[in-house]
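S.K.: Questions regarding the structure given below will be posed in turn.
Just so you know, all these numbers are worked out from the coordinates, no wet-lab data involved. Note that the structure is predicted; figures quoted are calculated from it, not measured. Backbone-built Cβ (ideal geometry, glycine too); neighbour counts: all protein chains shown.
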Amino acid sequence: MLDKLNEIEKAALEDLSSITEQSALDAWRVSNVGRSSPLMQVFAGFGKLSKEEKPIVGAAANRVKVALESALEEKTQAVKNAALAKSLSEEKLDITLPGREVNIGRLHPANQQLRRVLAILAEMGFQVYTSREVETDEMNFQMLNFAPHHPAREMQDSFYVESEGREDNPILMRTHTSPGQIRAMREAVATNPQNPPPIRIALPGMCYRYEQITARSEIQFNQVEGLAVGEGITFADLKGTLTDFARRMFGKDARVRFRASYFPFTEPSAEVDVECFVCGGKGCQVCKNSGWLEILGCGMVHPNVLQNGGYDPKRYTGFAFGMGPERQLMLRNKINDIRYFWGNDLRFLEQF
Amino acid sequence: MKLPISWLKDFIDLDGITVEDIARKLTLAGLEVDEILYAGLAMPTYGAGEKHEFKTNGIAWDKEKIVVAEIREVKEHPNADKLTLLDLYDGQQEQVVLTGAPNIFHLKGTGKLPKPIKVAYAKEGATIYDGHADGLVLTTLKRAKIRGVDSYSMVCSEKELGITEEHEGIILLDDDAPVGMSLADHIGDAVLDISILPNMARNANVIGIARELAALTGRELKKPKIEFTTSGASVEDSVSIEITNSELNPRFVAGLIRGVEIKPSPYQIQRRLKLAGIRAINNIVDATNYAMIELGEPLHAFDYDVLKERAGEKKIKLITRPAQEGEELVTLDGEKRKLTSMNVLVCDEKSSLSLAGVMGGTESEVTQNTRNVLLEGAAWNFINIRRTAKQHNLPSEASFRFSRGVHPALAETGVKRGLQYMAAWAHGSIAPGLVDAYPLKPKDSVVEVTSKEVKRLLGIELTVEQIAELLSRLEFKCEITNHQLQVTAPAHRMDIDEGVVGLADVLEEVARSYGFDKIPTTTISDALPPQAGNPVHEWEEHLRDLLVAIGMQEVVTYRMTSPEREGRVITHGEYVRIANPIAPERSVLRQSLLAAVLEVAEKNVRAESIAMFEVGSIFEPVKNDLPNEPRKLAIVMTGARSASAWDVKAAPAFDFYDMKGRIELLLAGLRYTDIVYAQSESTYSLHPGKSAEVKINGQAVGVFGELHPLAKEKYEFGDAPVIVAEFDLEKLRTLNPSYGIIPVSEFPPMYEDIAIILDESVTASAVEALIRQTGGKTVTDVRLFDVYRDEKIGAGKKSLAYNLTYQAEKTLTDADAAVIRNKIVKRLENTIGAKLRR
Ligand SMILES: [Zn+2]
């Protein structure tokens, strides 16, 4: 009997050794450790054995069963590993084929830039103030210290809106967001006429100038202005605030300079140049070899403007500044044609 | 304005300051230098990694190779008629130089010249511009044989040396030019092209810039010495002036010079004028222009004898008056000008002579035969001149200055300076005195300045003495009494007011003179204002984020459009019209945001998939008042629902339900719950069966649907349907949202599918409402997953299949579910005649 068991074991292991596939393993399992296998027949014939044989044959049969089962397990793993190795070596993708596209949404680049600007200003305490796009001459010019026929009006050729009987105060498309300065000041004064509260606002929005549409000029553009009014706000504060802003916007090492300039609604007025971030100030096409990029106009709020807003210029001072988000993007991304912005070609928009 | 550095040096010592330093100082002080044009002086060289500061053009003259020389004889060329050979001395040796210059050709063969001619001589190896090339092309002189004669050097034209574009003849230097001297040392120059800001008109002249530089460098301003001798009868004996409107003409000054000889000005003068952008005409006209560029006062020269003849036996009387409507004048340019009452004329008793401040008339202009000159210097109203110059399209150096304001004090200085130059260049004798009508003398502004005010506005600590020092450099008169500083504006400034505005005007000058770069940078110490936020702006930004999150590309479009463009999709009403449109297709302000976004979609029609939106204003007219500017959201979708790929065939096209799904997400994101989709009429051309109105809390807030086939035909869209939506943001924003969140249950939900057959006429929303009503709060979700029709179900019938979710605060059993399901089925049977499909 023991010989028979040894034979069964030997034959089974011999069979097993040549197997390479899972299906053959399944068949081997049935014929070698299945219910009707020779080994199981030995267990089935157990009752016919003598009392002395039983423990000996029993132990031997169990040993063979365990041996076959563990051999099977080992072989199964080996077959699996071989199959896996085979499939891994065969399932090779062309990793250079393009990935699948996903259609996603994006903000318009001009609004992305507006958000960047407004986010920085918000952290500096400037809250968003929005106002209308169609304005009166009074709000757009007169209240901002542009006298009628003032030469500065030529810097801002306007689109006028048809209306009758308003020769003294025609309706026009705002040429800057500055009328909002007057509106904001007057609203603040209304809350406390004796002691108007300080103001720190950012005024974003679309503005309009009568220009031919070319690569360099547009009939509409976004502007963000800032306005701070209070007791004891100085030109030095203006310099500090805008230097901080420039560093946030253009990098912590950005060098800025303040160049005297002219705007009717501020005095003193200045242009702020930032060291060209394209060439690092060495001179390039973008900065027209000057090493500087003009990014902001600013100044101390003109006494007439404070007065028109309801703030006594003898008690209050303030500063204002303005910038163009589209221009900033053009400089930053070397965009050479401003018409891209309102052209809305998806091939442009999708790059932002 | 174009400013030659050599001219500037007449009035300020600039030794040791480079051209770039000057340009930088001026730029920072508000006189922005746009470009530096080198015409002889050494140009800065930049190594790799070195900073450029200014746009630079032009040419530097080699000091060894380009020198002053003299022509001693002009000889014939043996083989060429049109060429001559020059006997020339360059200070070291005699040379024979070939030239074809026409302006010395007449001297050919006349033998040794009685007086040598001084010229600009470029030796072999010198780099100059090629005179014959188009534009400016550098060339280096090499030895060559021209018509059998050796040529290795040349006498230069202005173009060849980069002074002007002129190449008709060679430069004829002044007689006192020192032979052998490097030309760069003699007339080498650099020209600053300076942008003049509207409030800096006072600096649009050489003295003005020199004064600024004096303030910026602390060096002395060398004021011009205006001195001359006079002879003969006084001008007052023969000329009088009448001003009819002193507002329009505050001052009129005239001087007389007799016996002038009209000829070209000295070359130095011509060269400076040309570099400043002014044509050189003759010594008299040049003197008026030269004095204007120098001092800022435009002058006008009359032929005195013409005036005298017109006056007959009488004394000349000049009258300034507004023109009559329709009056005519032939101006210097030969144009017959039709005038309006806005224009001011200088006349004599016979008729008009010139268009005041803008352009002279032909009859009395200075000609080759002029012997006696009456020189006018006046002050005009700047608004008037501005309008006149614009009306007649006559921008000139004079109108540029007058239309920005020239102080009347300059009229007298200007005339004297002009006479001085005429006497120097045309050998005339100046008549004693001036006629001077000065009916409207401006008051010199006086402003009190304190250290406290300087500190309050500029944030710097200065003593009154320091403030006075800064202002004195700009010629403000400063008086200090008891630590009080009283400042009087100088008599060339029209831009300094009094009172609180005057103070700001003066403090600006303190800041500029002090240097913006020296003012410290500080942070605001004043209190922060009350924090209020901007709920409307914030809500719109949130809306944008939601739209982007559901795959929408934002666009921003023009506000200006035309009724025709919008008419393709909307029945429009009255428009806000632009009075001066840039083009007919931008003649009105948009009434439809959707029309604008549709145009963008049309332009992008080649894109595989379009899903775009804009948030912005439209404009509704209010008669003779400001328009309303309601805010809108417009969405356009067309093309493939998702992107294709190399192994994915084109996805189905966007349809009504793609838009509806996004609108549902959007409204859920805005936390609205009571939403009804209803059939509606719209001013938009939408497909009647594939469009809906959106109502929230019972209020209509927007429409969406497929573009009407007839409207779509008017665009160049492809086959795919175009799905659009527009919402009124004012209405949408002011609705009450619900911020309640349904808690997530700990107990497992049960899912069950039911399918029912019912009449086509019953809407899905009615079925869903019944299911929800009947199931109560246990039915937490009702999801339609199939709509099916076929013959077996029967004509006029459809099958709707729902996936229901049951959820309770316990674990539901099959029996619990059965009870709810049976209730629902029975209700559907009884109410809408639905049959359970098995
Ligand atoms: Zn650069």
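S.K.: So between B:Thr521 and B:Thr488, what do we pick up on full extension, going 0.36 nm a residue minus the alpha carbon distance?
M.R.: Between B:Thr521 and B:Thr488, full extension yields 8.9 nm more.
S.K.: For chain A, which cysteines have no disulfide-compatible partner, meaning no other cysteine Cβ under 4.7 Å?
M.R.: A:Cys207, A:Cys298
S.K.: Next up: Could you sort B:153-166, B:262-275 so that the peptide with the highest average Cβ count within 10 Å comes first and the rest follow in order?
M.R.: Sorting B:153-166, B:262-275 by mean packing, highest first, produces B:153-166, B:262-275.
S.K.: Sticking with the crude label model, points 7 Å out along Cα→Cβ, report the distance from B:Gln324 to B:Ser195 in nm, one decimal please.
M.R.: 4.6 nm
S.K.: Given a cut-off of under 8 Å on Cα pairs at least six residues apart, what relative contact order in percent is computed for segment B:535-733?
M.R.: Over segment B:535-733, the number comes to 20 percent.
S.K.: What average number of partner chain Cβ atoms lie no more than 10 Å from the Cβ of the residues making up B:576-585?
M.R.: Partner Cβ neighbours, averaged per residue: 5.
S.K.: Shifting gears a bit: Hey, which aspartates and glutamates would be in cross-link range of B:Lys159, C-alpha to C-alpha under 17 Å, not counting anything within fewer than 8 residues on its own chain?
M.R.: Result set, ordered by chain and number: B:Asp62, B:Asp130, B:Asp134, B:Glu168, B:Asp189.
S.K.: Quick query: amide H of B:Arg251 versus all other amide H atoms, modeled in the peptide plane; which residues come in under 5 Å with a sequence gap of 5 or more or a different chain?
M.R.: B:Ala379
S.K.: If we count GluC sites (Glu not before Pro) as exposed when they sit in a DSSP loop and have at most 13 other beta carbons within 10 Å, what is the longest stretch of chain A that avoids them all?
M.R.: With a cap of 13 other Cβ atoms within 10 Å, the longest stretch comes to A:168-349.
S.K.: Moving on. May I ask which of A:Lys4/A:Lys54; B:Lys452/B:Lys518; B:Lys51/B:Lys223 have a Cα-Cα span longer than 26 Å here?
M.R.: From A:Lys4/A:Lys54; B:Lys452/B:Lys518; B:Lys51/B:Lys223, over 26 Å: B:Lys51/B:Lys223.
S.K.: Determine the alpha carbon to alpha carbon distance for each of A:Lys288/B:Lys118; B:Lys65/B:Lys112; B:Lys115/B:Lys416 and list only those over 31 Å.
M.R.: Over 31 Å Cα-Cα: A:Lys288/B:Lys118; B:Lys115/B:Lys416.
S.K.: So, one more: Projecting each Cα onto the charge dipole of the protein assembly as shown (Lys/Arg +1, Asp/Glu -1 at the beta carbon, about the Cα centre), which of B:Ala233, B:Ile524, B:Gln486 comes out farthest on the positive side?
M.R.: B:Ile524
S.K.: Another question, then. When a/c is below 1.5 the answer is rounded, else prolate if a/b is larger than b/c, else oblate, so apply that to segment B:446-513 with a ≥ b ≥ c taken from the square roots of the Cα gyration tensor eigenvalues.
M.R.: rounded
S.K.: Check cross-link reach from B:Lys443 to the lysines: straight Cα distance under 22 Å, and skip same-chain residues fewer than eight apart.
M.R.: In chain and number order, the partners are B:Lys477.
S.K.: I'd like the orientation of helix A:2-17 relative to chain A: the angle between its Cα long axis and the longest Cα principal axis, in ° from 0 to 90, rounded to 10.
M.R.: 30 degrees
S.K.: Whole angstrom only: what separates the Cα centroid of segment B:233-282 from the Cα centroid of segment B:427-481?
M.R.: 28 Å
S.K.: Determine the dipole magnitude for the protein assembly as shown: charges of +1 sit on the beta-carbon of Lys and Arg, -1 on that of Asp and Glu, nothing else is charged, the reference point is the Cα centre, and the result goes in debye to the nearest 20.
M.R.: With only Lys, Arg, Asp and Glu charged at Cβ, the dipole is about 2000 debye.
S.K.: What residues have an amide H closer than 5 Å to that of A:Ser290, excluding those fewer than 5 places away on the same chain, when H is modeled at 1.01 Å from N in the peptide plane?
M.R.: Residues meeting the criterion, in which the H sits 1.01 Å from N, are A:Cys284.
S.K.: For B:Lys798, which lysines qualify as cross-link partners when the Cα separation must be under 20 Å and same-chain residues fewer than eight apart are set aside?
M.R.: B:Lys690, B:Lys826, B:Lys835
S.K.: Over segment A:109-349, what is the relative contact order in percent, taking alpha-carbon pairs closer than 8 angstrom and at least six residues apart?
M.R.: Averaging sequence separation for qualifying contacts and normalising by length gives 21 percent for segment A:109-349.
S.K.: Can you give the FRET efficiency for B:Gln368 and A:Asp168, using 1/(1 + (r/R0)^6), R0 = 60 Å, r = Cβ-Cβ distance, to the nearest 0.05?
M.R.: Here the calculated transfer efficiency is 0.70.
S.K.: Please work out the Cα center distance from segment B:7-73 to segment A:124-176, rounded to the nearest Å.
M.R.: 42 Å
S.K.: Further, regarding this structure: Which listed residue (A:Ile182, B:Leu828, B:Leu329) has the Cα farthest towards the positive end of the charge dipole for the protein assembly as shown, taking +1 on Lys and Arg C-beta and -1 on Asp and Glu C-beta about the Cα centre?
M.R.: B:Leu828
S.K.: What does the C-alpha gyration tensor say about the overall shape of segment A:109-349? Classify as rounded when a/c is under 1.5, otherwise prolate if a/b is larger than b/c, or oblate.
M.R.: Verdict is oblate for segment A:109-349.
S.K.: Report, in degrees rounded to the nearest 10, the 0 to 90 angle that the Cα long axis of helix B:814-832 makes with the longest principal axis of chain B.
M.R.: 80 degrees
S.K.: If r is the Cβ-Cβ distance from B:Arg310 to B:Thr340 and R0 is 35 Å, what FRET efficiency results, to the nearest 0.05?
M.R.: That pair, B:Arg310 with B:Thr340, gives E of 0.90.
S.K.: Now a separate question. Any idea what the dipole of chain A comes to, in debye rounded to 20, about its Cα centre with Lys/Arg Cβ at +1 and Asp/Glu Cβ at -1?
M.R.: Roughly 920 debye, rounded to the nearest 20.
S.K.: For chain B, what relative contact order do you get, as a whole percent, if you take Cα pairs closer than 8 Å and at least 6 residues apart?
M.R.: Result for chain B is 8 percent.
S.K.: Within 10 Å of each Cβ in B:458-469, how many Cβ atoms from other chains are there, averaged over the peptide?
M.R.: 2
S.K.: Quick check on chain B: helices-only [θ] at 222 nm, where DSSP H runs of length 4 and up contribute -39,500 (n - 2.57) each and the sum goes over total residues. Nearest 500, please.
M.R.: -7500 deg cm²/dmol
S.K.: Projecting each Cα onto the charge dipole of the protein assembly as shown (Lys/Arg +1, Asp/Glu -1 at the beta carbon, about the Cα centre), which of B:Ala764, A:Ile19, B:Pro114 comes out farthest on the positive side?
M.R.: It is A:Ile19.
S.K.: Quick one: which residues, 5 or more positions from B:Ala643 or on another chain, have an amide H under 5 Å from its amide H? H modelled 1.01 Å from N in the peptide plane, none for Pro or chain starts.
M.R.: When sequence neighbours closer than 5 places are left aside, the close amide H contacts are A:Asn103.
S.K.: Between B:Lys225 and B:Glu166, what length in nm is gained on full extension when 0.36 nm per residue of separation is reduced by their alpha carbon distance?
M.R.: Length gained between B:Lys225 and B:Glu166: 17.9 nm.
S.K.: Distance check, please: which entries in A:Lys239/A:Lys314; A:Lys252/B:Lys25; B:Lys308/B:Lys441; A:Lys334/B:Lys390; B:Lys695/B:Lys797; B:Lys9/B:Lys308 exceed 32 angstrom between their Cα atoms?
M.R.: In this structure, A:Lys334/B:Lys390; B:Lys9/B:Lys308 lie more than 32 Å apart at Cα.
S.K.: In debye, nearest 20: dipole of segment B:429-524 around its Cα centre with unit charges on the Cβ of K, R (+) and D, E (-)?
M.R.: Rounded to the nearest 20 debye, it is 60 debye.
S.K.: Going by alpha carbons, how many degrees (0 to 90, nearest 10) lie between the helix axis of B:409-426 and the longest principal axis of chain B?
M.R.: 50 degrees
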